[in-house]
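Where a number appears in this text, it was derived from the coordinates with a stated rule and is not lab data. Quick caveat, the model's predicted, so the values are computed rather than measured. A quick note on method: Cβ atoms are made from the backbone with ideal geometry, for glycine too, and the neighbour counts reach across all protein chains shown.
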Amino acid sequence: MIWNPNKECMSRDERAALQGKRLHKIVEYVYHNVPFYRHKLQEQDLTPDDIRSIDDIVKLPFTTKKDLRDNYPFGLQAAPQSEIIRIHASSGTTGNPTIVGYTRKDIGVWSECMARCLTAFGVTRNDIFSVAYGYGLFTGGLGAHNGVEMVGASVVPASTGNTEKHAKLIRDLGITGIACTPSYALYLAETMESMGITKEQIKLRVGAFGAEPWTESMREEIQERLGLKGFNIYGLSEIMGPSVSYECQAQDGSHINEDHFYPEIINPVTLEPLPLGQPGELVFTTLTKEGMPVLRYRTRDLCSLMPGECSCGRTNVRMTPITGRSDDMLIIRGINVFPSQVESVVLSMPEFAPRYMLVVDRVNNLDTLEVQVELRQEYFTATFDTPAAIDELKKRMADKLRSVLSISAKVSLKAPGAIERSQGKSVRVIDNRKLK
Amino acid sequence: MTINQLSIFLENRSGTLTKVLDLFKEAGLHILASSIADTAQYGLLRIICTEPQRAYLELERAGVAVALSDVFAVELDERPGQIAEVVRGLSEANIGIVYMYSFFIHGKGLLIIRADKAEEAREVILRSSLRCVPEKELPEWGV
């Protein structure tokens, strides 16, 4: 089934014309409403009238995560505050989160895009669908929620946490669909097994999984254990949230809602656009966004756009799974974590040497983060000669980490000199997660 | 009245303790008493030795996380009830014991105590029937 064949199946020429028209409009809009973009265009001697077709997009400047950070909190917001009806925040690299404001129309576009995803997965108004992404500042929960309501299925806002109660509801309510991270799906399967709930007692048939990288073998395991069919959904809050791209029943790449989010693949070093099919860094331009539109936002995600037509009938371009990052960002329990965030916490506490190591692992299908820090020799005084005092120090660091990273981390204290000194490009991350 | 104890942070990894003990050996320092407060992740080694100041400098130079802390070293002999007397005295004066450990050999011994109120603890021990060993006597205990 297709939610909006008019947009999802339009001819390539028709779509390119629509994209060109929308691009001109959005450039004109940001030129007049966002001083940051006006200056960037002026520096390149560009005016909105220079952008006439979608092919002109290559003339436009890029936007980076740093630009969002430098313009914290509302510098890139184009709509007046009175038009903003929701604000989400995602993790930033140095303490400041990225703030994204949405107008009523943006929320509508988001719901529409999400409805396209869910319909492609096979969700209909007859489904009972639980959203087990975190509800809150994170875009996953509310983003998926609105889409389920748009489709007309019964939404169960389960959020994360209290997995046992969720498992019980899945069985007792006959819940048929679920949206969550793939690792949470495995954790849920485990919880159900420990509660004695079998696959035969539940009616789950569709899973919308995203917000973290996953693999075909994880898909097989989730499908086997929960008895459903799992679909990939991709998105990022800087662009919208979940619903930027989605798999269809063919499960051969994820279709991009490119009438709203225009994708390009660039060489992350030279910034040159790459031809269709070549792997590189994924870049998005929001073609219709009012709250915080972005031009050529560098996602840092590496993948390629797929040539050719999909057997499902949709004509919107597909992207391959994400194969990596062009920066050092980690995704832990669906949350973006930058080593530099940990660094800022370590540097703020003089009791620790300015060195650290992040160890990421997956235990019982849940990501774990350990932050190893070194005691600074000159700060180890008689005050610290009891475990209570040392544990208090560790707790202070753990609290700071949690407030900066939005996820909890285990702090491991090492003796002075125990963490390898950096020589040239230092290794600060050990990722033991086996994405089979 | 108090003496210097060395407090050393050790990771729970084989070889860390050996490395520290070798430093004492190489410097010719006698360890008179020791205890380890262990946790799942690390240990705190506490040592009473001859010449604690010199030991501190040697360990610091070797990059070890080491601190000097003030503790009481109460002298014990073969009469029973001495540890009880000290502990009762501290308890009645509402002084908390942060930690304590002891050794006893050939009719005499040392009870090492760190109290949360050092000044008041000093008063209590002075009023008791026991005496504290001053740091200058420590070398005698090492032979």
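Here each label is just a point 7 Å from Cα along the line to Cβ, and for A:Ser344 and A:Asp50 those points are 3.4 nm apart.
Principal axis extents of the C-alpha atoms in the range B:71-134 (largest first, rounded to whole Å): 32, 18, 18.
Which semi-axes, in whole Å and largest first, does the equivalent ellipsoid of the range A:335-431 have when worked out from the alpha carbon gyration tensor as the square roots of 5 times its eigenvalues?
Values: eigenvalues 94, 56, 30 Å².
With the √(5λ) rule applied to the range A:335-431, the semi-axes are 22, 17, 12 Å.
Remark: relative contact order (the range A:335-431) = 35 percent; criterion is Cα-Cα distance under 8 angstrom and separation of 6 or more residues. Calculated from the alpha-carbon coordinates, chain A shows an Rg and a Dmax of 22.8, 75 Å respectively.
Can you give the Rg/Rh ratio of the range A:219-365, where Rg is from the C-alpha atoms and Rh is the Kirkwood radius? Each step should come with its number before you reach the end.
Values: Rg = 18.1 Å, Rh = 17.5 Å.
Radius of gyration over Kirkwood radius for the range A:219-365 works out to 1.04.
In summary, the lysines within cross-link reach of A:Lys394, defined as a Cα separation below 20 angstrom excluding same-chain residues under 8 places away, comprise A:Lys410, A:Lys414. Peptide A:381-392 shows a mean partner chain C-beta count of 6 within 10 Å per residue C-beta.
Of all chymotrypsin sites (Phe, Trp or Tyr not before Pro) in the range A:238-306, which ones are in loop regions per DSSP and have a Cβ with at most 15 other Cβ atoms within 10 Å? Each step should come with its number before you reach the end.
Values: sites: A:Tyr246, A:Phe261, A:Phe284, A:Tyr297; in loops: none.
Hits after loop and neighbour filter: nothing returned.
When only alpha carbons are used to place a centre, the range A:1-60 and the range B:31-73 end up 68 Å from one another.
Its Cα gyration tensor gives the range B:1-119 an equivalent ellipsoid. The semi-axes, each the square root of 5 times an eigenvalue, are 27, 16, 13 Å from largest down. Among the chymotrypsin sites (Phe, Trp or Tyr not before Pro) in the range B:1-52, none is located in a DSSP loop while being surrounded by at most 11 other Cβ atoms within 10 Å of its own Cβ. The order of the peptides B:132-138, A:106-112 by mean Cβ neighbours within 10 Å, most packed first, is A:106-112, B:132-138. At an R0 of 25 angstrom, the distance between the Cβ atoms of A:Arg402 and B:Leu17 translates into a FRET efficiency of 0.15. Over the range A:54-141, the ratio between the Cα radius of gyration and 2.2 N^0.38 Å evaluates to 1.35. Rounded to whole Å, give me the distance from the Cα center of the range A:133-169 to that of the range B:1-27. Their Cα centres are 54 Å away from one another.
Eigenvalues of the Cα gyration tensor times 5, then square-rooted: what semi-axes does that give for the range B:2-68, in whole angstrom, largest first? Can you show the working numbers first?
Numbers: eigenvalues 66, 35, 22 Å².
Three semi-axes, in Å: 18, 13, 10.
Pairs from the table (A:Lys65/A:Lys289; A:Lys21/A:Lys289; B:Lys25/B:Lys117; B:Lys108/B:Lys136; A:Lys59/A:Lys289) lying more than 23 angstrom apart at Cα are B:Lys25/B:Lys117. Summarising the label geometry, the points placed 7 Å from Cα in the beta-carbon direction at B:Asp77 and B:Lys117 lie 3.1 nm from one another. Each pair of Cα atoms in the range A:1-114 enters the Kirkwood radius, and Stokes-Einstein at 4 °C and 1.567 mPa s then converts it into a translational diffusion coefficient of 81 µm²/s. All Cα-Cα separations within the range A:139-178 were binned at 5 Å from zero, giving a P(r) of 6, 23, 30, 23, 15, 3, each value a whole percent of the pairs. Here each label is just a point 7 Å from Cα along the line to Cβ, and for A:Lys168 and A:Ser82 those points are 4.9 nm apart. When you restrict to C-alpha pairs under 8 Å that are six or more residues apart and normalise by the size of the range B:40-135, the relative contact order lands at 30 percent.
Just for the range A:335-431, what percent of DSSP beta bridges are antiparallel, to the closest 5? Intermediate results must be reported in sequence, preceding the final value.
Numbers: 9 of 17 bridges.
The answer is about 55 percent antiparallel.
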